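Take this structure, written in structure tokens, and hold onto it; I'll ask about it next.
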Amino acid sequence: MMGILNHLSTLLLLSLLPPALSHVVDKFSDVPQCQKFFLEGTTPNLPGILVGGTVKDQNRYKPICQLYNNAYRFATLYDTTNKIPVLSAYTFTGYIPGRPAEPWMMEPGLEENNNKINEMQSMGGGIYKNQAGNNDYAQDVRRNPKDFKDVSRGHLFPSSHARDLKTQESTFTLTNIVPQDRTFNGGSWREMEERVREKLEMDCISNKGITAYVVTGAVPSSSNKLNNRVNIPDLLWTAFCCLDKKKKWMAEAHWGWNKKDKGETLKPETLGALEDMLNRYHQGKDGPVKVFPGDCPRDTKPTTSS
């Protein structure tokens with residue numbers, strides 16, 4: 001009898017524990033360690049997709065608390081129909097140079113009968129029902145010249161913004177990746193990521209150990225696909241919000257079209273301008289678009305670091 005009671009006590013205790021090992025979740029707020037990637041724990045408002053922290057179509061859009069090496073690294077809202085992320089959110093707390101030689105990974109929790117595996121896993125060459133795989137990006141112009149897409153794997157949370165090696169490695173999951181024009185990815189978008197990183201280091205101060213909050217997303221195309229499966233987005237966008245050296249909130253945004261790069265610089269924009277632009281693509285009664293909570297200034301012009 002005592003053994004049965006101990007067993008029941010253990011089951012009760014486990015039932016009361018927070019879902020610390022959840023990976024694909026119903027709401028980001030289900031996991032406190034995941035909620036911290038959003039300023040004030042508040043997720044973006046995207047009409048028709050994510051409203052008040054609740055996913056509108058839970059069969060299609062999946063919140064992922066990106067767990068790697070037993071630690072939460074960032075958060076992603078994933079579109080299983082388009083097989084690309086809607087957005088990834090992360091906190092910037094410094095970075096290390098270099099790029100890890102990490103194999104590409106997938107999210108087992110998105111696939112049927114794999115929801116008991118908590119962490120992202122290395123993938124082989126298989127094709128997955130609800131997410132992109134290595135085969136989708138393995139193009140050969142000689143085999144398929146008519147439908148060749150000159151794209152590369154574009155990070156939403158860039159490994160160049162990661163504070164340590166394990167966090168760098170965690171960004172190499174295809175749930176954090178969109179098909180990005182090769183010249184755009186390696187040109188003006190990469191240069192913008194570097195400039196933003198420098199600005200975060202120079203102009204933002206630590207706020208409870210966090211230098212800045214960053215959200216990066218993609219606007220899907222109507223029909224442009226990679227391997228007839230993975231949506232190639234029309235546009236990529238990103239924004240950050242942080243405390244400046246005067247302990248006042250500051251914000252900055254960038255966006256660019258996912259097409260052949262012409263060497264143009266992606267100029268900094270206001271957070272309000274970004275949200276106005278996104279309102280064209282996310283319309284509905286649950287609007288308007290809101291990337292960050294109200295403390296982040298919408299119309300303040302970005303300043304140049306001195």
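The values are calculated or read from the model by the stated rules, or taken from the named source; none is laboratory data. Nothing here was measured: the structure is a model prediction, and the numbers come from that model. Reconstructed Cβ throughout: ideal geometry from the backbone, glycine too, with neighbour counts over all protein chains shown. Ligands, DNA and RNA are excluded from the accessible area calculation, which covers all protein heavy atoms including side chains. Shrake-Rupley method; radii C 1.70, N 1.55, O 1.52, S 1.80 Å.
Go ahead and run the numbers for FRET between A101 and E201, Cβ-Cβ distance against an R0 of 25 Å, rounding to 0.05. Intermediate results must be reported in sequence, preceding the final value.
On the way: r = 26 Å, r/R0 = 1.02.
That pair, A101 with E201, gives E of 0.45.
Tell me, rounded to the nearest percent, the portion of alpha carbon pairs in region 185-306 spaced more than 18 Å apart. Each step should come with its number before you reach the end.
Details: 4146 of 7381 pairs.
The answer is 56 percent, as a whole percent.
With each pseudo-label sitting 7 Å past Cα toward Cβ, what's the D57-D234 distance in nm, one decimal?
1.6
With a point put 7 Å past each Cα toward its Cβ, work out how far A138 is from K166 in nm, to one decimal.
Reported label-point gap for A138 and K166 is 3.1 nm.
Pairs K56/K225; K62/K246; K62/K225; K62/K290: which exceed 31 Å Cα-Cα? The partial results should precede the final answer.
On the way: K56/K225 24 Å; K62/K246 38 Å; K62/K225 20 Å; K62/K290 19 Å.
Over 31 Å apart, Cα to Cα: K62/K246.
Still on this model: Given the options T211, G187, N227, identify the residue whose Cα lies farthest towards the positive end of the charge dipole of region 160-238 (+1 on Cβ of Lys, Arg; -1 on Cβ of Asp, Glu).
N227
Arranged from highest to lowest average of other beta-carbon atoms within 10 Å per residue, in what order do the peptides 164-173, 207-216 appear? Don't skip to the end; give the middle numbers.
Numbers: 164-173: 21.3, 207-216: 19.6.
Order by mean packing, descending: 164-173, 207-216.
Let me ask you something else. Taking a ≥ b ≥ c as the square roots of the Cα gyration tensor eigenvalues, with a/c under 1.5 meaning rounded and otherwise prolate when a/b beats b/c, else oblate, which class fits region 30-116?
On the way: a/c = 1.76, a/b = 1.19, b/c = 1.48.
Because a/c hits 1.5 or more and a/b fails to exceed b/c, region 30-116 counts as oblate.
Straight-line reach only, C-alpha to C-alpha below 19 angstrom: list the aspartates and glutamates that K129 could link to, leaving out same-chain residues fewer than 8 apart.
D57, D79, E107, E111, E112, E119
Follow-up question, since we're still on this one. Keeping all protein chains in place, calculate the accessible area per residue for region 165-306 (probe 1.4 angstrom), answer in Å². Could the numbers behind the result be given before it?
Working: 6780 Å² over 142 residues.
I get 48 Å² per residue for region 165-306.
Could you give the length gained on full extension between E194 and K259, defined as 0.36 nm per residue of separation minus the Cα-Cα distance, in nm? Can you show the working numbers first?
On the way: separation 65, 0.36 × 65 = 23.40 nm, distance 1.97 nm.
So the chain would gain 21.4 nm between E194 and K259.
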